[in-house]
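The block underneath contains the structure these notes are about, expressed in structure tokens.
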């Protein structure tokens, strides 16, 4: 055969069409370059030109000195390499900006090495299951650091092939990008995404984010096909040829290229004979030398790209023949060499798919066997991170069950090491499918996977009643071991349905009467409890009770401790209160007895939660501080995150709001440094509640902004949305609050809420209904909550709800929509209140508010009851409640025609506090009462100057006012404004979002009465306000 000659161009050198789509991408890049991170999804059918569009974008950005990193997903089915595109892209960034990657990942190099094998070192063997959140946060931090001084473009191509770990990380990046000149861009085949495709849930999730741009690539028009053909052929096409190509290709750019090249290179082939892509490609492939065809068939089973050395070993060709065969394939533009390496890939995945479809079953198995043998003989032929995954796939395709099982178990363990839990699950499920196909000796020779924490070890697995017996020794894992490991992988990967199926499969093989495996059964029942709660298919108590009974009479083990800790946690959530403390005490004792310190810390924390409502002497809170310290010392991230999340909440429940804010600040710093995104979000939310209690409402709203910015899952986002509804209501926007609560309800979906969240939701629903004048709806919500047991505690949630219910009944006295207060409702309120024990002063104050409201509802609006409430809140820092009590006292005095001057004094004080807080709803009620007394609030002499009205809440309750009524955070922001900082720089300096900064600046201008930033800065200097440190 004659030497191959170079073919004409298959790709048009002229970029055709796509001007609108390119302009949209350039706008996103420009916004990113201005410091507003952007995310874009580009979709289109296979061959429509997605890669060409991205390439044109990157060429257009060269003038901006942008740093681009492109990573492609690998088509390997369930064997997908975890984080493959991110490994590829981060490697590019490492090569271009090594010093900055080192700086950004300092102290966490071993963590980043899970997805970016460090050329300077190996990943640490130490690993915690909750490190995956830290890995995601670290990746975000690295990208933001690199994008601080330049535009960084991260492209992930072929998302339709993305492994689950890549999808999870991409979702995290799309949702949590906060600052930096960063553009994230993903491409995917729209024609591959049916309703069962694993990418579909991610696309649906991203579809709800308004911040994600979407670019759809349609097929070419006839004119655009003509332009493409002119570029390929070097001359405008004959109209008849254009018509034929356009009709056959239907405007698909890749199909146009192949039709044009086929017509040019093989003039004898008529276009009318070409019906699909195979008709176009096969004649060209069959015209290649037999050696080249052999190479292509081999390469088609090697994945997206195959190295020269590996092709040499698998094809078995002499080197000269291999080179000539590759040359012909490259000149025909079927294969393309990878830049800067020795790998070869197909010019388009559609070509590889066409070649793969021509393989016979036996031929495919033979090629895969050759790949597997070559890699076993020389593992250096592929990157180390790919070896086990490739071997598992090749041996399985070669139909060698023994070796496929072994490599699947190995690949699963390596996937776990990279936090790729969905891929770990995939490999383990393949191993379970192969389990019965291999002999016992092959199973005994398997490497043992890392079994989950607290799972029964071999020497504990065969206990009978009251004794320890060692079961038969086996060097390899059992099927139960694989089921347990797969269950935990499914839990970590969020695949709860599979976790339920796996636990059920294990329990079917483990009847409770089987003594040698009672600990295994108890462990699986405990996991099943977690799963059914997560799926909202039950409360999980039956499963925990079954697990507890299975461990009765056995020597204490970590399984016992684990079961008891789960029971104690369940009690803290479903039946909070000291009555269930015994379960936590027992869990602490068992965990300490078996040396399971992590479980002991969990149990101690749960005990603190159960004691929270009765911890008058502070013993429990002191223990919680110690648990937090010890967890941080041990590096137990999950426990540290939980402790930092719960501590501010418990302190707030005790009325120690200032201390709660300080504890929250500690927790935020820790969670941020460790990448515990959801824990950090909850801590921000708890801080927001305490700031609201302290009357620092603008700061509270800013804290909610920060919480939403870092939250990863739906439940915290729902909570923040509901909390915003509460803020809007008290600001005076009842309709806006109702809309916000409806949005929160959409975010919640079918999520099963913990008791305290159910109480908070019910309370917010009642308040909004009352604020809109829908008293009947508010009453109905109370009756529903009472029937559901939401009025029985915890005190900090149930008592405010009861106070609102009493206020609704009081308002019913003059309501046209209700026939006066309901005796049954009032009786229910009193019964519920009688069951609550208010230990802390702040809740004693609420009890007095409740009694005053009940008196009003029953026709005895006694000023003395309100005065007692005013006195109670004078001892705690609760400005809003103080104002509400003052309003009640003033209103009662007026209603009884008593001491008009005293009444107006109380209403005036309430008005000043409400004005300072921005409490529009309460302010409207107070001013209405003043008007009924014949006083115009607008003419009321206010001893507090307007500029310091925001500080009235503080002065009215004994605190020191801040200059101009600025909150501490606003003072910080003003100091930076005075230095000339932009909003973006302030955001980076204070670690807050630009939206939050903008809100602070607006509030500052309003409080200072300044018309511009310059005027605000001048006032700051003139009044000697301190700059931000």
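The values are calculated or read from the model by the stated rules, or taken from the named source; none is laboratory data. Predicted, not measured: the structure shown is a model, and the values here were computed from it. Ideal geometry is used to build each Cβ from the backbone, glycine not excepted, and the neighbour counts take in all protein chains shown.
Results, tabulated for the structure shown:
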{"item": "Residue among 183, 138 that is out of contact with any strand residue (DSSP E or B) (no Cβ under 7 Å at 6 or more places or on another chain) and farther than 21 Å from residue 349 by Cβ", "result": "138"}
{"item": "Residue identified as assigned by TED's automatic domain parsing to the domain that holds residue 571, in a helix (DSSP H, G or I), surrounded by fewer than 18 Cβ atoms within 10 Å (Cβ to Cβ) and modelled with pLDDT of 85 or more among 501, 521, 506", "result": "501"}
{"item": "Complete set of residues in the range 606-635 that are touching a residue at least 40 places away in the same chain (Cβ under 8 Å) and more than 30 Å from residue 695 (Cβ to Cβ)", "result": "606, 610, 635"}
{"item": "Filter pass, residue 302 being under 39 Å from the mean Cα position of the chain (by Cα), buried (at least 21 other Cβ atoms within 10 Å of the Cβ), in a loop (DSSP other than H, G, I, E, B) and in the same structural domain as residue 423 (by TED's automatic domain parsing)", "result": "yes"}
{"item": "Residue 15, sole failed condition from (1) surrounded by fewer than 22 Cβ atoms within 10 Å (Cβ to Cβ); (2) under 26 Å from residue 231 (Cα atoms); (3) modelled with pLDDT of 85 or more", "result": "(3)"}
{"item": "Failed criterion for residue 347 (all others in (1) in contact (Cβ under 8 Å) with a residue 60 or more places away in the chain; (2) within 18 Å of residue 307 (Cβ to Cβ); (3) surrounded by fewer than 16 Cβ atoms within 10 Å (Cβ to Cβ) hold)", "result": "(3)"}
{"item": "Residue satisfying condition, being modelled with pLDDT under 70 and not in a loop (DSSP other than H, G, I, E, B), within set 262, 231, 268, 227", "result": "262"}
{"item": "Selection status of residue 658, surrounded by fewer than 16 Cβ atoms within 10 Å (Cβ to Cβ), touching a residue at least 12 places away in the same chain (Cβ under 8 Å), out of contact with any helix residue (DSSP H, G or I) (no Cβ under 7 Å at 6 or more places or on another chain) and outside any loop (DSSP other than H, G, I, E, B)", "result": "yes"}
{"item": "Any hit, the range 668-675, residues being outside any helix (DSSP H, G or I) and in contact with a helix residue (DSSP H, G or I) (Cβ under 7 Å, 6 or more places away or on another chain)", "result": "yes"}
{"item": "Any hit, the range 173-185, residues being at pLDDT 75 or above, part of a helix (DSSP H, G or I) and over 30 Å from residue 368 (Cα atoms)", "result": "yes"}
{"item": "Residue in the range 106-120 that is assigned to a helix (DSSP H, G or I), modelled with pLDDT under 85 and out of contact with any helix residue (DSSP H, G or I) (no Cβ under 7 Å at 6 or more places or on another chain) present", "result": "yes"}
{"item": "Filter pass, residue 893 being touching a helix residue (DSSP H, G or I) at 6+ places or on another chain (Cβ under 7 Å), surrounded by fewer than 24 Cβ atoms within 10 Å (Cβ to Cβ) and part of a helix (DSSP H, G or I)", "result": "no"}
{"item": "1 or more residues surrounded by 19 or more Cβ atoms within 10 Å (Cβ to Cβ) and at pLDDT below 85: qualifying helices (runs of 4 or more DSSP H) within the range 899-1003", "result": "952-956, 968-978, 983-990"}
{"item": "Subset of the range 570-606 (residues that are under 23 Å from residue 644 (Cβ atoms), surrounded by fewer than 21 Cβ atoms within 10 Å (Cβ to Cβ) and under 26 Å from the mean Cα position of the chain (by Cα))", "result": "573, 598"}
{"item": "Given (1) surrounded by 16 or more Cβ atoms within 10 Å (Cβ to Cβ); (2) closer than 30 Å to residue 437 by Cα; (3) without any contact (Cβ under 8 Å) to a residue 40 or more places away in the chain; (4) in contact with a helix residue (DSSP H, G or I) (Cβ under 6 Å, 6 or more places away or on another chain), index of the condition residue 379 fails", "result": "(1)"}
{"item": "Selection status of residue 732, modelled with pLDDT of 85 or more, surrounded by 17 or more Cβ atoms within 10 Å (Cβ to Cβ) and more than 22 Å from residue 793 (Cβ to Cβ)", "result": "yes"}
{"item": "Helices (runs of 4 or more DSSP H) lying entirely in the range 721-808 (those with 1 or more residues that are closer than 21 Å to residue 849 by Cα and within 24 Å of the chain's Cα centre (by Cα))", "result": "755-771"}
{"item": "Top-ranked residue of the range 145-167 - restricted to ones that are without any contact (Cβ under 8 Å) to a residue 60 or more places away in the chain and assigned to a helix (DSSP H, G or I), ranked as farthest from residue 199 (Cα to Cα)", "result": "145"}
{"item": "Residue 98 closer than 18 Å to residue 422 by Cβ and either modelled with pLDDT of 85 or more or not assigned by TED's automatic domain parsing to the domain that holds residue 26 (or both)", "result": "no"}
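Residue-wise test of (1) in the same structural domain as residue 302 (by TED's automatic domain parsing); (2) at pLDDT below 90; (3) surrounded by fewer than 22 Cβ atoms within 10 Å (Cβ to Cβ); (4) in contact with a strand residue (DSSP E or B) (Cβ under 9 Å, 6 or more places away or on another chain).
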| site | (1), (2), (3), (4) |
| --- | --- |
| 338 | yes, yes, yes, yes |
| 352 | yes, yes, no, yes |
| 390 | yes, no, no, no |
| 397 | yes, no, yes, no |
| 425 | yes, no, no, no |
